[in-house]
Amino acid sequence: MTATERLVARTAAGLVGGRSDGATTVWRGIRYAAPPIGAMRWRAPAPGAPWQGIADAGAFGPAAPQNPNPAVPLGPDIQVSEDCLFLNVRAPSNVGPGDGLPVMVWVHGGAYTFGSASQPLFDGRSLVERGEVVLVTINYRLGGLGFAELGGVAANGERVDGDLALRDVLLALEWVQRNARAFGGDPDRVTVFGESAGGGLVTTLLATPSAAGLFSRAIAQSSPVSSVYELDRAQRVGARLLSELGADDLTAARARSAEEVVEASARVYAAIPAEEPGVIPFAPAVDGELVPEHPIAALRAGRGLRVPLLIGTNRDEATLFKYMKSPLMPITEPTITAMFRAMAAEHPGAELPSRGQVLEAYEGVRHRALGLGIARDIGFRMPTVWAAEGHAAVAPVHLYRFDYTTPMLELLGIGATHATELPYLWGELGGGRKDPTFLLGGRRHGREVSRRMQERWTNFAHGRAPDADGAPSWPGYDGSTRATLVIDAEDRVEPDLDGELRRGWGDEVLAFR
């Protein structure tokens, strides 16, 4: 196969022409679904139509509609459009159809409201080169366009579907099954991985029966595993969205512009956590069909899809939310107290931990940091541990905690906060002009952290042990040793790293319904 021929991939829908940077070939802006616009707004995605000739795959497709967020740069010259269901593929330049490399499918984060596969952080060249994998990054619908549950207001024969973003991801994974070989990938070795909201979609996929066979491994980074709600709560949010739109029915709502839906979603996004601390407004929903039960309940009981899972969180998850004044995490004593009271009211008769029992897990923690610790653990760490413990009974699990930070981030009080592992995983340590991460040093250690993370993640995708040269082997997590990898300037394996937290929080899953 000539170099020119390698740039053209034959997908099931048609030919796509990519670009080579020497070491890798990248195809951007491949349509995997029909435009979800007009009557298709708030409907399940449909496969994209086939085409004739060679489609140019040299530029990213539009990002999902969202308000600008300086913390989530979408990339230069990226358009925003409701017609956003595109994906991108990057592969080593020396591979061709049938070479059978493992495929890694990335689901971006962003509080279910922000982000895109076009973010410069997710360029992927470093990961593909080092790991010898085929990388797929996907867009999905966000905010009120991707997570609104409007079935409760549908009338007069109007058709509407729910869990739209999850359905988008499922359709993208089906696309990968059909087309992986065209890019040198193996459809039988697909690892789906994501962080934050993307991690939440990954753990929800593990509790989605129709996802069986679409991937063989999963990686969930900082997943809000338990932030998935039953249909009645999700439909109340959907009704709130229509109210904010000033729309009496779906016909009127579909007549509004995408920008108007984004603005209405932003008002709901701000209001719900203020009224119900600990509840995020847009998230997957337990509809009884696509998602038959709460993912944390399914994983805790060992009822998830039986695929190997690599899962973990960051040491200081909550500090970012405080730094950005985000409403999504309750970190003050009044909001934490309100959250616990609401949880107790939703679980009458459940054996919940007492305040004293929980506080014992934070002995020695400064009072002003106590709320950050509790928010981190109820939002991220404990759901992750509960999920890991249950899933380990039916499939291999590797649990981690990311502790590495730099002197500057430590000085700023940010530490190893939410999403700070991403530059290391993606090998993007340059940062922008305003990025303070390495102002006081730490880059040399950071490069080594990056190398080890990339080796561990891609070894896992290859089906090998998630180990890295010159670092401790990462044993599986089970109910006896509870071995956990701590990722730091020097990695280490800790037995029962979360023992005090487990004893403080207890074995009963705490989550809103």
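The values are calculated or read from the model by the stated rules, or taken from the named source; none is laboratory data. All figures in this text were calculated on a predicted structure; none of them were measured in a lab. Heads up, the Cβs are rebuilt from the backbone with ideal geometry, glycines too, and the neighbour counts pull from every protein chain shown. Ligands, DNA and RNA are stripped out before the accessible areas are found, and what is left, the full protein with its side chains, is counted by its heavy atoms. Shrake-Rupley method; radii C 1.70, N 1.55, O 1.52, S 1.80 Å.
Considering only alpha-carbon pairs that sit under 8 angstrom and 6 or more positions apart, the relative contact order computed for region 26-136 is 31 percent. Amide H contacts of V397 (H built 1.01 Å from N, in plane; Pro and chain starts excluded): L309, Y477 sit under 5 Å, all sequence-distant by 5 or more or on other chains. Rolling a 1.4 Å probe over the protein heavy atoms gives the chain an accessible area of 39 Å² per residue. Between V394 and R19, the modelled labels are 4.4 nm apart [label points 7 Å from Cα along Cα→Cβ].
Using only side-chain charges placed at the Cβ, +1 for Lys and Arg and -1 for Asp and Glu, the dipole size of region 112-184 relative to its Cα centre rounds to 200 debye.
Neighbours of A465, meaning other residues whose beta-carbon lies under 11 angstrom from its beta-carbon, give a summed charge of 0 when Lys and Arg score +1 and Asp and Glu score -1. E259 sits with roughly 120 Å² accessible to a 1.4 Å probe, with DNA, RNA and ligands left out of the calculation. Counting only protein heavy atoms and using a 1.4 Å probe, what share of the accessible area of the chain belongs to carbon plus sulfur, as a whole percent? Here carbon and sulfur together make up 51 percent of the probe-accessible area.
Among residues other than N94 with Cβ under 10 Å from its Cβ, the summed charge is -1 (Lys and Arg +1, Asp and Glu -1).
Among residues other than L250 whose Cβ falls under 11 Å from its Cβ, what is the net charge (Lys/Arg +1, Asp/Glu -1)? Summing Lys/Arg as +1 and Asp/Glu as -1 gives +2.
Placing unit charges on the Cβ atoms only, positive for Lys and Arg and negative for Asp and Glu, gives the chain a dipole magnitude near 700 debye about its Cα centre.
Classified by the C-alpha gyration tensor, the chain has an oblate form. Its axis ratio a/c, with a ≥ b ≥ c, is 1.5 or above, and a/b does not exceed b/c. For region 401-474, trypsin sites (Lys or Arg not before Pro) meeting the loop criterion (DSSP other than H, G, I, E, B) and having at most 12 other Cβ atoms within 10 Å: R433, K434, R464.
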